[in-house]
1. Can you name the helices (runs of 4 or more DSSP H) wholly within the stretch 371-478 that have at least 3 residues being over 45 Å from the mean Cα position of the chain (by Cα) and in contact (Cβ under 8 Å) with a residue 12 or more places away in the chain?
2. Filter the stretch 316-340 down to the residues that are among the hydroxyl-bearing types (Ser, Thr, Tyr) and modelled with pLDDT of 95 or more, then identify the one that is farthest from residue 29 (Cα to Cα).
3. Is it the case, given these coordinates, that residue 120 is of a type in the set (Lys, Arg), at pLDDT 95 or above and within 17 Å of the chain's Cα centre (by Cα)?
4. Going residue by residue through the stretch 346-362, is there one that turns out to be assigned by TED's automatic domain parsing to the domain that holds residue 199 and of a type in the set (Gly, Ala, Ser)?
5. List every residue pair whose Cβ atoms lie under 9 Å apart, where the two residues are 6 or more positions apart in sequence or sit on different chains, the first residue falls within the stretch 246-264 and is in contact (Cβ under 8 Å) with a residue 60 or more places away in the chain and more than 23 Å from residue 283 (Cβ to Cβ), and the second residue, located anywhere, is surrounded by 17 or more Cβ atoms within 10 Å (Cβ to Cβ) and among the polar types (S, T, N, Q).
6. Taking the stretch 41-69 as the region of interest, how many residues are part of a helix (DSSP H, G or I) and at positive phi?
7. Do you know which residues across the stretch 420-459 are assigned by TED's automatic domain parsing to the domain that holds residue 146 and of a type in the set (Val, Ile, Thr)?
Amino acid sequence: MVKYREAALGEANISLTSYTSSMNYDNEIADYVILVTLAHVYHLYMRGYIPKTEANKLIKSLQELYTDESVKSKLLAEKQFEDIFEALENFLEKQVGSSIYYMPLGRSRNDHVVAAIKLKIFSETATLVEILYKELKKLIEIASNSLDTPFIIHTHTMPAQATSYAHYLASIIEELIDVLELMINDTKIYMKSPLGSGAGAGTSAEIDRDELAFLLGFLGISENTLYSTSSRIFLDALMRSLYMISIVLSRVANDYILFTHNSIGIISPPLDHVQTSSIMPQKKNPATLEIARARLKKIVSNSFYLGIVESGLPTGYSLDLQELTPVVWESIRVCKEAINVVFDFINKAKVNEEKVVELIEKGGVLATEIAEALSITKGIPYRLAHQKVASSLRKTDWDLARAVELIDKEENVELTKLVDWKKALTAKKVKGSPNPEFVKKNLLSLNERLDKLFFDFMQIKEKFSISVTNLLNVKVYE
């Protein structure tokens, strides 16, 4: 049995090994550890370090292990080992005997675990990209059909200005596409292979690091061997994207909780997303959004946890780094679930247009547009126009229609026609505003940008998929 510590340190204390072991969560990277090991073995064979017969045994065993879930689950159930690497060596020793002793040349757990984690987070990023792409495409369609649907912008949680539902949704779409672009760009930085770095100072074996990187679908190599094994900045890059997604989704969840509140009521919530009270039968509580809002905070706290652990370490590998990955896996899971829940709510929600128009007409929401029109029409400073509208609203008990009638009479203007949300939006002159023509163009542009980002990323994913397929089919002929 292969036990890394026994030759130098003697038999392990089982309870202490259990405390430091990562076997409880190494299932997350098991497939990628096998792939990395497979690439390493094949490369050693190609470089002449493993005889053909031994290489053939190892490669066949690793390929079968990758595809056989039942055998893999037995491997992962071996909790007495320090980690997946020690468990894998023991498994292979049972399968191929002494052939396994060739495998450790030119590698360390330090460089191999980084490679496996990078491939894992790339795979998870690909899933997130695909989920976000699908949901954003649906949201673009909803927005495109909502150009003439009235809505309200809130500031300080108070109704502030009139807009369209399409314009509101477009703000979410653009923000998440920005995050998506950052996430995709980060993959181009961290999808660089650490293999051949050993424990941190490289190896005297003639390992071709570029060739190894190519075998696994990496985009290149992380050149400095110490940086390659001791840094977890690539985890921080992914967590940054998850953090930003969590901020957007938390805010959107807050929005829809506010919109569905009885005192506002501009959104009718989907009934499968709400719960009632055990005592108050009239209640429709936004349960799914409240849970999503709370769970997304885990991503925020997990991001800080990574920074706290990493900032307290010297350069070089420390076992503290082992504790980071479970936090990342949790954050990915929380993010995926929240995306599905929040977008499902939006997809099913309905705008209560009558309530929106009522708030616009009775809440003075078009006051800014009236003040701007007065300033432009009369050629007076905006601050004076602002004061005129404010004083007129106060005189008429905040009834905008009556206030505008008073302004028209006192200033000899005709602004009454602007007390109409459609005309107010059409009057907007700046790109990106709620003017339906601008929103329509914005949505078309966002759709094109989203498609391009997705297409470019899928090419990177395809390269990785081809590499995996090739590795699983590579043969060493006797």
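The values are calculated or read from the model by the stated rules, or taken from the named source; none is laboratory data. Note that the coordinates shown come from a computational prediction; the quantities given were computed from them, not determined experimentally. Methodologically, a virtual Cβ is constructed for each residue, glycine included, from the backbone with ideal geometry; neighbour enumeration extends over all protein chains shown.
1. Where helices (runs of 4 or more DSSP H) fall fully within the stretch 371-478 and carry at least 3 residues being over 45 Å from the mean Cα position of the chain (by Cα) and in contact (Cβ under 8 Å) with a residue 12 or more places away in the chain, they are 382-395, 400-411.
2. Looking at the filtered set, the residue picked out is 331.
3. yes
4. Yes, that holds for at least one residue.
5. The qualifying pairs are 246/303; 246/331.
6. Result for the stretch 41-69: 0.
7. Once the filter is applied, which keeps residues that are assigned by TED's automatic domain parsing to the domain that holds residue 146 and of a type in the set (Val, Ile, Thr), the stretch 420-459 yields nothing.
Residues are listed down the side, and each one gets a yes or a no for (1) of a type outside the set (Lys, Arg); (2) in the same structural domain as residue 125 (by TED's automatic domain parsing); (3) under 23 Å from the mean Cα position of the chain (by Cα):
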residue: 245; (1), (2), (3): yes, yes, yes
residue: 253; (1), (2), (3): yes, yes, yes
residue: 260; (1), (2), (3): yes, yes, no
residue: 271; (1), (2), (3): yes, yes, no
residue: 295; (1), (2), (3): no, yes, yes
residue: 303; (1), (2), (3): yes, yes, yes
residue: 318; (1), (2), (3): yes, yes, no
residue: 332; (1), (2), (3): yes, yes, yes
residue: 343; (1), (2), (3): yes, yes, yes
